[in-house]
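Worksheet: one structure, shown below.
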Amino acid sequence: MTKHGSWFSGQGSGGRGQQETVTPDRKEIAVGMADIKIGKAPAMISTILGSCIAVCLYSSKDKTGGLLHLMMASSKGASKINNFKKAKYADTGILELLGQLKNFYGLNQRSLVAKIFGGAKVLKNVTAPIGENNQQAVKEILKENGIAIFASKLGGEKGYRIKFDLETGKVKCQIFGHEFEEY
Amino acid sequence: MSKKIIVADDAPIIRLMLKDILTDAGYEVVKECENGRHAFESYKELRPDLVTMDIVMPEMDGIQALEQILKFDQNAKVVMVTAVDQREFLMKAIRLGATDYIVKPFENDRVISAVKKALGKE
Amino acid sequence: MENKDKIKIDRALKLIAKLSIDKSSQVLSKMIKSGASIELEDVYMADISRVTEEVMLKADNEVVGAFIDLVGDAPFKFLFYVNTKDSLVLTDLMLRREIGLTKEFNLYAQSAVQELGNILASAISNIFSTDFQISMKPKPPTVINDFESIVFQEYVIDAACERNEILIIQSIFRIVKFDIHCSMFIMPLGKSEQILQYVTGFM
(Lines give C-alpha, C1' and ligand atoms only; values in the text may rest on other atoms or scores of the structure.)
Protein backbone atom coordinates (compact mmCIF):
# COMPACT_ATOMS: atom_id res chain seq x y z
CA MET A 1 0.00 0.00 0.00
CA THR A 2 1.31 3.45 -0.87
CA LYS A 3 2.20 5.59 2.11
CA HIS A 4 0.41 8.89 1.83
CA GLY A 5 1.91 12.16 2.93
CA SER A 6 0.80 15.75 3.12
CA TRP A 7 0.95 17.59 -0.14
CA PHE A 8 3.30 20.20 1.23
CA SER A 9 6.81 19.03 1.86
CA GLY A 10 7.70 22.34 3.47
CA GLN A 11 10.53 23.09 1.06
CA GLY A 12 11.04 26.08 -1.16
CA SER A 13 10.71 29.74 -0.32
CA GLY A 14 7.62 30.34 -2.40
CA GLY A 15 6.90 33.97 -2.92
CA ARG A 16 8.52 35.92 -5.61
CA GLY A 17 7.86 34.12 -8.87
CA GLN A 18 10.87 31.98 -8.26
CA GLN A 19 12.30 30.40 -11.35
CA GLU A 20 14.01 27.10 -11.37
CA THR A 21 16.46 26.44 -14.14
CA VAL A 22 15.89 23.16 -15.86
CA THR A 23 19.17 21.44 -16.53
CA PRO A 24 19.41 19.00 -19.45
CA ASP A 25 19.48 15.91 -17.28
CA ARG A 26 16.19 16.71 -15.55
CA LYS A 27 13.47 15.25 -17.67
CA GLU A 28 10.17 16.79 -16.59
CA ILE A 29 9.61 19.78 -14.39
CA ALA A 30 6.18 20.74 -13.10
CA VAL A 31 4.93 24.31 -12.81
CA GLY A 32 2.44 25.08 -10.03
CA MET A 33 -0.09 27.91 -9.89
CA ALA A 34 1.35 31.44 -10.09
CA ASP A 35 4.79 30.20 -11.11
CA ILE A 36 7.32 30.23 -13.97
CA LYS A 37 9.87 27.65 -15.05
CA ILE A 38 12.42 28.16 -17.83
CA GLY A 39 14.94 25.81 -19.41
CA LYS A 40 16.72 24.27 -22.36
CA ALA A 41 16.42 21.07 -24.38
CA PRO A 42 16.17 18.15 -23.76
CA ALA A 43 14.00 18.94 -20.77
CA MET A 44 10.19 19.02 -20.66
CA ILE A 45 8.14 21.52 -18.69
CA SER A 46 4.66 20.45 -17.65
CA THR A 47 1.62 21.76 -15.86
CA ILE A 48 -2.03 21.00 -15.20
CA LEU A 49 -4.60 23.77 -15.17
CA GLY A 50 -8.30 24.65 -15.29
CA SER A 51 -9.33 28.32 -15.33
CA CYS A 52 -5.68 29.39 -15.26
CA ILE A 53 -3.69 29.94 -18.49
CA ALA A 54 -0.36 28.38 -19.48
CA VAL A 55 1.80 30.63 -21.65
CA CYS A 56 4.60 28.70 -23.35
CA LEU A 57 7.33 30.81 -24.96
CA TYR A 58 9.93 29.14 -27.19
CA SER A 59 12.99 29.96 -29.22
CA SER A 60 13.50 27.23 -31.83
CA LYS A 61 16.97 28.56 -32.67
CA ASP A 62 18.15 28.14 -29.08
CA LYS A 63 15.83 25.25 -28.11
CA THR A 64 15.05 27.26 -25.02
CA GLY A 65 11.81 28.36 -23.47
CA GLY A 66 9.63 28.85 -20.46
CA LEU A 67 6.14 28.20 -19.12
CA LEU A 68 4.06 30.65 -17.08
CA HIS A 69 1.05 29.31 -15.13
CA LEU A 70 -1.01 32.43 -14.45
CA MET A 71 -4.21 32.81 -12.46
CA MET A 72 -5.62 36.28 -13.12
CA ALA A 73 -5.70 38.85 -15.88
CA SER A 74 -4.50 41.95 -14.06
CA SER A 75 -2.34 42.83 -11.09
CA LYS A 76 -4.22 46.13 -10.70
CA GLY A 77 -5.22 46.49 -7.06
CA ALA A 78 -2.82 43.81 -5.85
CA SER A 79 -0.40 44.80 -3.11
CA LYS A 80 3.03 44.88 -4.68
CA ILE A 81 4.94 44.77 -1.41
CA ASN A 82 5.37 41.69 0.75
CA ASN A 83 5.74 38.61 -1.32
CA PHE A 84 4.14 39.83 -4.54
CA LYS A 85 3.93 36.95 -7.02
CA LYS A 86 4.40 38.40 -10.48
CA ALA A 87 3.57 35.04 -12.06
CA LYS A 88 0.04 35.21 -10.67
CA TYR A 89 -1.09 37.83 -13.19
CA ALA A 90 -0.99 38.03 -16.98
CA ASP A 91 0.38 41.58 -17.08
CA THR A 92 3.29 41.08 -14.67
CA GLY A 93 3.79 37.36 -15.35
CA ILE A 94 4.37 37.56 -19.09
CA LEU A 95 6.85 40.40 -18.57
CA GLU A 96 8.56 38.37 -15.84
CA LEU A 97 8.83 35.33 -18.12
CA LEU A 98 10.31 37.48 -20.88
CA GLY A 99 12.69 39.04 -18.35
CA GLN A 100 13.91 35.67 -17.08
CA LEU A 101 14.47 34.32 -20.60
CA LYS A 102 16.45 37.45 -21.45
CA ASN A 103 18.49 37.57 -18.23
CA PHE A 104 19.27 33.89 -18.06
CA TYR A 105 19.55 32.88 -21.69
CA GLY A 106 20.01 36.19 -23.52
CA LEU A 107 16.78 35.72 -25.51
CA ASN A 108 14.74 38.66 -26.72
CA GLN A 109 11.11 38.64 -27.76
CA ARG A 110 11.91 38.70 -31.48
CA SER A 111 13.14 35.13 -31.25
CA LEU A 112 10.14 33.86 -29.30
CA VAL A 113 6.79 32.42 -30.26
CA ALA A 114 3.91 31.64 -27.95
CA LYS A 115 1.49 28.78 -27.44
CA ILE A 116 -1.32 29.26 -24.92
CA PHE A 117 -3.62 26.79 -23.19
CA GLY A 118 -6.33 26.66 -20.54
CA GLY A 119 -8.93 29.20 -19.48
CA ALA A 120 -11.60 26.58 -18.87
CA LYS A 121 -14.73 27.06 -16.79
CA VAL A 122 -14.39 24.02 -14.57
CA LEU A 123 -16.76 25.06 -11.79
CA LYS A 124 -20.12 25.75 -13.39
CA ASN A 125 -21.48 27.83 -10.53
CA VAL A 126 -18.73 30.44 -10.85
CA THR A 127 -20.39 33.49 -12.40
CA ALA A 128 -17.29 35.61 -13.06
CA PRO A 129 -15.77 34.82 -16.50
CA ILE A 130 -12.30 34.24 -15.07
CA GLY A 131 -11.14 31.91 -17.82
CA GLU A 132 -12.37 34.24 -20.57
CA ASN A 133 -10.82 37.30 -18.89
CA ASN A 134 -7.51 35.48 -18.63
CA GLN A 135 -7.63 34.49 -22.31
CA GLN A 136 -8.31 38.05 -23.43
CA ALA A 137 -5.58 39.55 -21.25
CA VAL A 138 -2.94 37.07 -22.41
CA LYS A 139 -3.66 37.66 -26.09
CA GLU A 140 -3.50 41.44 -25.63
CA ILE A 141 -0.24 41.42 -23.68
CA LEU A 142 1.50 39.06 -26.09
CA LYS A 143 0.39 41.26 -28.98
CA GLU A 144 1.68 44.38 -27.17
CA ASN A 145 5.06 42.68 -26.84
CA GLY A 146 5.18 41.61 -30.48
CA ILE A 147 4.98 37.89 -29.76
CA ALA A 148 2.99 35.79 -32.21
CA ILE A 149 0.67 33.10 -30.91
CA PHE A 150 1.51 30.01 -32.97
CA ALA A 151 -1.06 27.75 -31.34
CA SER A 152 -3.75 27.87 -28.72
CA LYS A 153 -6.28 25.61 -27.11
CA LEU A 154 -8.61 27.46 -24.77
CA GLY A 155 -11.94 27.21 -23.02
CA GLY A 156 -14.17 24.25 -22.35
CA GLU A 157 -15.25 22.84 -19.01
CA LYS A 158 -12.51 20.34 -18.19
CA GLY A 159 -8.90 20.48 -17.06
CA TYR A 160 -5.83 20.62 -19.28
CA ARG A 161 -2.60 18.62 -18.91
CA ILE A 162 0.28 20.28 -20.79
CA LYS A 163 3.72 18.91 -21.68
CA PHE A 164 6.04 21.44 -23.32
CA ASP A 165 8.99 19.75 -25.06
CA LEU A 166 11.98 22.09 -25.22
CA GLU A 167 13.70 19.86 -27.81
CA THR A 168 11.02 20.51 -30.44
CA GLY A 169 8.88 23.37 -29.13
CA LYS A 170 5.84 21.13 -29.47
CA VAL A 171 3.22 21.05 -26.73
CA LYS A 172 1.20 17.96 -25.98
CA CYS A 173 -2.15 18.90 -24.55
CA GLN A 174 -4.65 16.52 -22.99
CA ILE A 175 -8.09 17.68 -21.97
CA PHE A 176 -9.68 15.49 -19.32
CA GLY A 177 -11.56 12.62 -20.89
CA HIS A 178 -9.68 12.87 -24.17
CA GLU A 179 -6.38 11.77 -25.68
CA PHE A 180 -3.26 13.94 -25.97
CA GLU A 181 -3.13 16.23 -29.02
CA GLU A 182 0.00 17.94 -30.30
CA TYR A 183 0.26 21.68 -30.89
CA MET B 1 -54.40 1.98 -0.75
CA SER B 2 -50.73 2.90 -0.20
CA LYS B 3 -49.91 6.15 1.46
CA LYS B 4 -48.35 8.64 -0.99
CA ILE B 5 -45.01 10.26 -0.27
CA ILE B 6 -42.91 12.97 -1.94
CA VAL B 7 -39.13 12.68 -1.45
CA ALA B 8 -37.19 15.96 -1.63
CA ASP B 9 -33.36 15.90 -1.68
CA ASP B 10 -30.81 17.41 -4.08
CA ALA B 11 -28.79 14.16 -4.14
CA PRO B 12 -30.20 11.56 -6.54
CA ILE B 13 -28.60 8.77 -4.52
CA ILE B 14 -30.43 9.82 -1.35
CA ARG B 15 -33.72 10.04 -3.27
CA LEU B 16 -33.08 6.50 -4.53
CA MET B 17 -32.19 5.22 -1.05
CA LEU B 18 -35.32 6.73 0.50
CA LYS B 19 -37.48 5.54 -2.36
CA ASP B 20 -36.19 1.96 -1.89
CA ILE B 21 -36.75 2.08 1.90
CA LEU B 22 -40.27 3.52 1.58
CA THR B 23 -41.35 1.30 -1.30
CA ASP B 24 -40.14 -1.84 0.52
CA ALA B 25 -42.24 -0.73 3.50
CA GLY B 26 -45.35 -0.49 1.33
CA TYR B 27 -45.49 3.24 0.65
CA GLU B 28 -45.79 4.83 -2.79
CA VAL B 29 -43.25 7.50 -3.73
CA VAL B 30 -45.27 9.67 -6.12
CA LYS B 31 -42.62 12.30 -6.81
CA GLU B 32 -38.91 12.96 -6.34
CA CYS B 33 -37.86 16.60 -6.04
CA GLU B 34 -34.37 18.10 -6.20
CA ASN B 35 -35.06 21.38 -4.41
CA GLY B 36 -37.55 23.05 -2.05
CA ARG B 37 -39.37 24.97 -4.75
CA HIS B 38 -40.07 21.81 -6.70
CA ALA B 39 -41.20 20.11 -3.48
CA PHE B 40 -43.67 22.91 -2.72
CA GLU B 41 -45.05 22.95 -6.29
CA SER B 42 -45.40 19.16 -6.24
CA TYR B 43 -47.14 19.24 -2.87
CA LYS B 44 -49.77 21.65 -4.20
CA GLU B 45 -50.29 19.46 -7.26
CA LEU B 46 -50.30 16.00 -5.68
CA ARG B 47 -51.36 16.56 -2.02
CA PRO B 48 -49.36 13.57 -0.73
CA ASP B 49 -49.77 12.02 2.71
CA LEU B 50 -46.21 12.93 3.68
CA VAL B 51 -43.06 14.67 2.47
CA THR B 52 -39.47 13.80 3.36
CA MET B 53 -37.44 17.00 3.16
CA ASP B 54 -33.70 17.67 3.04
CA ILE B 55 -32.57 21.06 4.35
CA VAL B 56 -29.51 22.04 2.28
CA MET B 57 -30.81 22.29 -1.28
CA PRO B 58 -30.33 24.82 -4.10
CA GLU B 59 -32.95 27.41 -5.09
CA MET B 60 -35.12 26.97 -2.01
CA ASP B 61 -33.89 25.19 1.10
CA GLY B 62 -35.92 22.69 3.06
CA ILE B 63 -36.79 25.04 5.90
CA GLN B 64 -38.30 27.57 3.46
CA ALA B 65 -40.15 24.80 1.65
CA LEU B 66 -41.49 23.43 4.96
CA GLU B 67 -42.81 26.88 5.81
CA GLN B 68 -44.49 27.27 2.40
CA ILE B 69 -46.09 23.82 2.54
CA LEU B 70 -47.48 24.35 6.04
CA LYS B 71 -48.85 27.79 5.12
CA PHE B 72 -50.61 26.10 2.22
CA ASP B 73 -51.79 23.11 4.25
CA GLN B 74 -51.50 23.30 8.03
CA ASN B 75 -52.13 19.55 8.25
CA ALA B 76 -49.21 18.61 6.01
CA LYS B 77 -46.84 15.96 7.35
CA VAL B 78 -43.20 16.82 6.70
CA VAL B 79 -40.30 14.76 8.03
CA MET B 80 -36.92 16.50 7.76
CA VAL B 81 -34.07 14.22 6.57
CA THR B 82 -30.82 16.16 6.77
CA ALA B 83 -27.11 16.05 7.60
CA VAL B 84 -27.42 19.29 9.61
CA ASP B 85 -27.56 18.28 13.28
CA GLN B 86 -27.70 21.69 14.95
CA ARG B 87 -30.15 22.84 17.59
CA GLU B 88 -30.95 26.06 15.74
CA PHE B 89 -32.22 24.14 12.69
CA LEU B 90 -33.96 21.45 14.70
CA MET B 91 -35.88 24.00 16.77
CA LYS B 92 -36.80 26.06 13.72
CA ALA B 93 -38.12 23.02 11.87
CA ILE B 94 -40.15 21.78 14.82
CA ARG B 95 -41.51 25.28 15.55
CA LEU B 96 -42.61 25.59 11.93
CA GLY B 97 -44.40 22.27 12.23
CA ALA B 98 -42.12 19.50 11.00
CA THR B 99 -43.26 16.15 12.31
CA ASP B 100 -39.79 14.70 12.82
CA TYR B 101 -36.11 15.43 12.22
CA ILE B 102 -33.87 12.60 11.00
CA VAL B 103 -30.11 13.14 10.86
CA LYS B 104 -28.03 11.58 8.05
CA PRO B 105 -26.53 9.05 7.86
CA PHE B 106 -29.81 7.39 8.73
CA GLU B 107 -30.84 3.83 9.48
CA ASN B 108 -33.74 2.37 7.50
CA ASP B 109 -35.67 1.67 10.72
CA ARG B 110 -35.41 5.30 11.79
CA VAL B 111 -36.98 6.46 8.54
CA ILE B 112 -39.82 3.94 8.69
CA SER B 113 -40.63 4.62 12.35
CA ALA B 114 -40.69 8.39 11.70
CA VAL B 115 -43.02 7.94 8.72
CA LYS B 116 -45.31 5.54 10.61
CA LYS B 117 -45.46 7.88 13.58
CA ALA B 118 -46.24 10.88 11.36
CA LEU B 119 -48.97 9.07 9.44
CA GLY B 120 -50.36 7.55 12.60
CA LYS B 121 -51.16 11.05 13.89
CA GLU B 122 -54.08 11.35 11.47
CA MET C 1 0.98 38.51 17.01
CA GLU C 2 2.74 37.41 20.20
CA ASN C 3 4.38 34.02 20.24
CA LYS C 4 2.09 32.67 22.95
CA ASP C 5 -0.95 33.68 20.84
CA LYS C 6 0.54 31.85 17.87
CA ILE C 7 0.99 28.75 19.99
CA LYS C 8 -2.64 28.97 21.15
CA ILE C 9 -3.87 29.37 17.57
CA ASP C 10 -1.75 26.42 16.54
CA ARG C 11 -3.30 24.30 19.32
CA ALA C 12 -6.79 25.51 18.35
CA LEU C 13 -6.18 24.47 14.77
CA LYS C 14 -4.93 21.06 15.79
CA LEU C 15 -7.95 20.62 18.06
CA ILE C 16 -10.33 21.59 15.26
CA ALA C 17 -8.50 19.26 12.89
CA LYS C 18 -8.60 16.35 15.34
CA LEU C 19 -12.29 16.75 16.19
CA SER C 20 -13.29 17.27 12.55
CA ILE C 21 -11.27 14.35 11.22
CA ASP C 22 -12.31 11.93 14.00
CA LYS C 23 -15.98 12.80 13.51
CA SER C 24 -15.67 12.52 9.74
CA SER C 25 -14.17 9.04 9.85
CA GLN C 26 -17.01 7.88 12.15
CA VAL C 27 -19.66 9.39 9.89
CA LEU C 28 -18.02 7.96 6.75
CA SER C 29 -17.89 4.49 8.30
CA LYS C 30 -21.56 4.73 9.28
CA MET C 31 -22.63 5.96 5.85
CA ILE C 32 -21.01 3.11 3.93
CA LYS C 33 -21.27 0.52 6.71
CA SER C 34 -17.58 -0.25 6.40
CA GLY C 35 -14.65 0.75 8.60
CA ALA C 36 -12.69 3.85 7.59
CA SER C 37 -9.32 4.45 9.26
CA ILE C 38 -7.48 7.76 9.37
CA GLU C 39 -4.29 7.43 7.31
CA LEU C 40 -3.22 11.05 7.47
CA GLU C 41 -4.06 14.04 9.61
CA ASP C 42 -2.12 17.25 9.02
CA VAL C 43 -2.38 21.01 9.37
CA TYR C 44 -0.01 23.26 7.43
CA MET C 45 0.60 26.57 5.74
CA ALA C 46 1.36 26.05 2.07
CA ASP C 47 2.72 28.31 -0.64
CA ILE C 48 0.21 28.13 -3.50
CA SER C 49 2.85 27.50 -6.17
CA ARG C 50 4.73 24.86 -4.21
CA VAL C 51 1.70 22.94 -3.02
CA THR C 52 0.02 22.84 -6.45
CA GLU C 53 3.33 21.78 -8.00
CA GLU C 54 3.63 18.94 -5.49
CA VAL C 55 0.10 17.76 -6.24
CA MET C 56 1.02 17.60 -9.95
CA LEU C 57 4.14 15.59 -9.18
CA LYS C 58 2.59 13.18 -6.66
CA ALA C 59 -0.87 12.62 -8.08
CA ASP C 60 -1.89 11.54 -11.53
CA ASN C 61 -5.39 10.32 -10.86
CA GLU C 62 -8.83 10.99 -12.22
CA VAL C 63 -11.05 11.87 -9.31
CA VAL C 64 -14.54 12.98 -8.37
CA GLY C 65 -14.58 15.87 -5.93
CA ALA C 66 -17.33 17.54 -3.90
CA PHE C 67 -16.76 21.19 -2.96
CA ILE C 68 -18.81 22.63 -0.11
CA ASP C 69 -18.73 26.16 1.26
CA LEU C 70 -19.46 26.36 4.97
CA VAL C 71 -20.95 29.77 5.72
CA GLY C 72 -21.72 31.51 8.97
CA ASP C 73 -19.59 32.69 11.87
CA ALA C 74 -16.52 30.75 10.69
CA PRO C 75 -16.45 30.37 6.92
CA PHE C 76 -14.53 27.34 5.66
CA LYS C 77 -14.11 25.67 2.30
CA PHE C 78 -14.41 21.90 2.30
CA LEU C 79 -13.30 19.35 -0.28
CA PHE C 80 -13.85 15.61 -0.39
CA TYR C 81 -12.62 13.48 -3.27
CA VAL C 82 -11.97 9.92 -4.35
CA ASN C 83 -10.67 8.16 -7.47
CA THR C 84 -13.34 7.90 -10.15
CA LYS C 85 -13.17 4.09 -10.19
CA ASP C 86 -13.48 3.93 -6.39
CA SER C 87 -16.58 6.13 -6.52
CA LEU C 88 -18.34 3.18 -8.16
CA VAL C 89 -17.61 1.00 -5.11
CA LEU C 90 -18.77 3.78 -2.77
CA THR C 91 -22.03 3.97 -4.73
CA ASP C 92 -22.68 0.26 -4.22
CA LEU C 93 -21.76 0.54 -0.53
CA MET C 94 -24.14 3.46 0.02
CA LEU C 95 -26.95 1.66 -1.79
CA ARG C 96 -26.21 -1.51 0.24
CA ARG C 97 -25.89 -3.66 -2.83
CA GLU C 98 -23.41 -6.05 -4.36
CA ILE C 99 -20.05 -4.45 -5.13
CA GLY C 100 -19.52 -4.25 -8.86
CA LEU C 101 -23.12 -3.50 -9.82
CA THR C 102 -22.22 0.12 -10.62
CA LYS C 103 -20.07 -0.38 -13.69
CA GLU C 104 -19.58 3.11 -15.02
CA PHE C 105 -19.39 6.64 -13.66
CA ASN C 106 -22.99 7.80 -13.77
CA LEU C 107 -25.44 10.14 -12.04
CA TYR C 108 -25.53 7.98 -8.89
CA ALA C 109 -21.74 7.68 -8.60
CA GLN C 110 -21.44 11.45 -8.89
CA SER C 111 -24.25 11.84 -6.38
CA ALA C 112 -22.57 9.39 -3.98
CA VAL C 113 -19.51 11.63 -3.75
CA GLN C 114 -21.72 14.72 -3.58
CA GLU C 115 -23.67 13.32 -0.65
CA LEU C 116 -20.63 11.95 1.19
CA GLY C 117 -19.09 15.41 0.91
CA ASN C 118 -22.32 17.00 2.16
CA ILE C 119 -22.57 14.66 5.14
CA LEU C 120 -18.91 15.06 6.13
CA ALA C 121 -19.00 18.86 5.79
CA SER C 122 -22.22 18.96 7.81
CA ALA C 123 -20.69 16.75 10.50
CA ILE C 124 -17.85 19.23 10.86
CA SER C 125 -20.19 22.21 11.02
CA ASN C 126 -22.24 20.30 13.62
CA ILE C 127 -19.13 20.03 15.82
CA PHE C 128 -18.50 23.77 15.59
CA SER C 129 -22.08 24.40 16.59
CA THR C 130 -22.21 21.87 19.44
CA ASP C 131 -18.71 22.16 20.91
CA PHE C 132 -17.91 25.82 20.29
CA GLN C 133 -21.33 27.45 19.75
CA ILE C 134 -20.12 28.69 16.37
CA SER C 135 -22.91 28.78 13.82
CA MET C 136 -21.99 27.27 10.44
CA LYS C 137 -24.10 25.84 7.67
CA PRO C 138 -23.09 24.03 4.51
CA LYS C 139 -24.22 25.26 1.10
CA PRO C 140 -25.25 22.77 -1.60
CA PRO C 141 -22.23 20.89 -2.98
CA THR C 142 -20.61 21.34 -6.37
CA VAL C 143 -19.19 18.18 -7.90
CA ILE C 144 -16.55 17.83 -10.60
CA ASN C 145 -14.91 14.86 -12.25
CA ASP C 146 -11.43 15.79 -13.47
CA PHE C 147 -7.67 15.43 -12.90
CA GLU C 148 -6.74 15.42 -9.21
CA SER C 149 -4.61 18.53 -9.74
CA ILE C 150 -7.56 20.38 -11.23
CA VAL C 151 -9.84 19.50 -8.32
CA PHE C 152 -7.22 20.74 -5.85
CA GLN C 153 -6.47 23.92 -7.81
CA GLU C 154 -10.13 24.86 -8.20
CA TYR C 155 -10.53 24.26 -4.45
CA VAL C 156 -7.74 26.67 -3.46
CA ILE C 157 -8.03 29.18 -6.29
CA ASP C 158 -10.26 31.76 -4.55
CA ALA C 159 -8.00 31.85 -1.49
CA ALA C 160 -4.92 31.78 -3.74
CA CYS C 161 -6.16 34.85 -5.62
CA GLU C 162 -6.10 36.79 -2.34
CA ARG C 163 -2.93 35.45 -0.76
CA ASN C 164 0.15 33.42 -1.54
CA GLU C 165 0.05 31.12 1.46
CA ILE C 166 -2.98 29.16 2.52
CA LEU C 167 -3.81 27.23 5.65
CA ILE C 168 -4.94 23.68 4.99
CA ILE C 169 -6.24 20.88 7.19
CA GLN C 170 -5.76 17.66 5.21
CA SER C 171 -6.78 14.12 5.95
CA ILE C 172 -6.86 10.82 4.12
CA PHE C 173 -9.23 8.03 5.07
CA ARG C 174 -8.75 4.44 4.07
CA ILE C 175 -11.81 2.25 3.68
CA VAL C 176 -9.98 -0.79 4.93
CA LYS C 177 -11.97 -3.65 3.41
CA PHE C 178 -11.74 -2.28 -0.12
CA ASP C 179 -8.42 -0.38 0.15
CA ILE C 180 -10.08 2.84 -1.03
CA HIS C 181 -8.47 6.14 -0.16
CA CYS C 182 -10.58 9.28 0.25
CA SER C 183 -9.09 12.73 0.66
CA MET C 184 -10.63 15.50 2.72
CA PHE C 185 -9.51 19.12 3.04
CA ILE C 186 -10.72 21.94 5.28
CA MET C 187 -9.53 25.45 4.58
CA PRO C 188 -10.42 28.34 6.91
CA LEU C 189 -11.27 31.58 5.12
CA GLY C 190 -10.92 35.24 6.10
CA LYS C 191 -12.66 35.86 9.38
CA SER C 192 -12.14 32.32 10.54
CA GLU C 193 -8.87 33.55 12.05
CA GLN C 194 -10.98 35.50 14.56
CA ILE C 195 -12.82 32.30 15.29
CA LEU C 196 -9.58 30.52 16.00
CA GLN C 197 -8.88 33.20 18.60
CA TYR C 198 -12.33 32.47 20.03
CA VAL C 199 -11.68 28.72 20.09
CA THR C 200 -8.50 29.27 22.12
CA GLY C 201 -10.84 30.48 24.87
CA PHE C 202 -12.15 26.94 25.20
CA MET C 203 -8.69 25.49 25.73
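The values are calculated or read from the model by the stated rules, or taken from the named source; none is laboratory data. Everything quoted here is computed from the prediction, not taken from an experiment. Here the Cβ is made from the backbone with ideal geometry for all residues, glycine too, and neighbour counts use every protein chain on show.
Quick rundown of the values:
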item	result
Complete set of residues in region B:26-43 that are in a loop (DSSP other than H, G, I, E, B) and within 13 Å of residue B:1 (Cα to Cα)	B:26, B:27
Region B:1-46 - residue that is closer than 21 Å to residue B:120 by Cβ and polar (S, T, N, Q) and, of those, modelled with the lowest pLDDT	B:2
Region A:172-183 residues that are more than 15 Å from residue A:56 (Cβ to Cβ), paired with ones that are at pLDDT below 95 and not polar (S, T, N, Q) (beta carbon under 7 Å, 6 or more apart)	A:175/A:156
Region B:44-65, subset part of a helix (DSSP H, G or I) and in contact with a Lys or Arg (Cβ under 9 Å, 6 or more places away or on another chain), residue surrounded by the most Cβ atoms within 10 Å (Cβ to Cβ)	B:65
Candidates A:80, A:76, A:121, A:61, filtered to the one that is over 14 Å from the mean Cα position of the chain (by Cα), within 30 Å of residue C:140 (Cα to Cα) and not in a helix (DSSP H, G or I)	A:121
Number of positions in region C:91-120 that are more than 8 Å from chain B (Cβ to nearest Cβ), under 20 Å from residue C:184 (Cβ atoms) and aliphatic (A, V, I, L, M)	5
Lone unmet requirement of (1) more than 13 Å from every other protein chain (Cβ to nearest Cβ); (2) not in a helix (DSSP H, G or I); (3) not basic (Lys, Arg) for residue C:15	(2)
Any hit, region C:181-193, residues being under 17 Å from residue C:68 (Cβ atoms), of a type in the set (A, V, I, L, M) and assigned to a loop (DSSP other than H, G, I, E, B)	yes
Residues that are in a strand (DSSP E or B), within 14 Å of the chain's Cα centre (by Cα), among the β-branched types (Val, Ile, Thr) and more than 8 Å from chain A (Cβ to nearest Cβ), drawn from region C:141-180	C:143, C:169
Selection count where residues are over 30 Å from residue C:68 (Cβ atoms) and touching a residue at least 60 places away in the same chain (Cβ under 8 Å), scope region A:93-124	9
Boolean, residue C:63 is surrounded by fewer than 16 Cβ atoms within 10 Å (Cβ to Cβ), modelled with pLDDT of 90 or more and more than 10 Å from chain A (Cβ to nearest Cβ)	no
Test result for residue B:69, surrounded by 16 or more Cβ atoms within 10 Å (Cβ to Cβ), among the aliphatic types (A, V, I, L, M) and more than 20 Å from residue C:130 (Cα to Cα)	yes
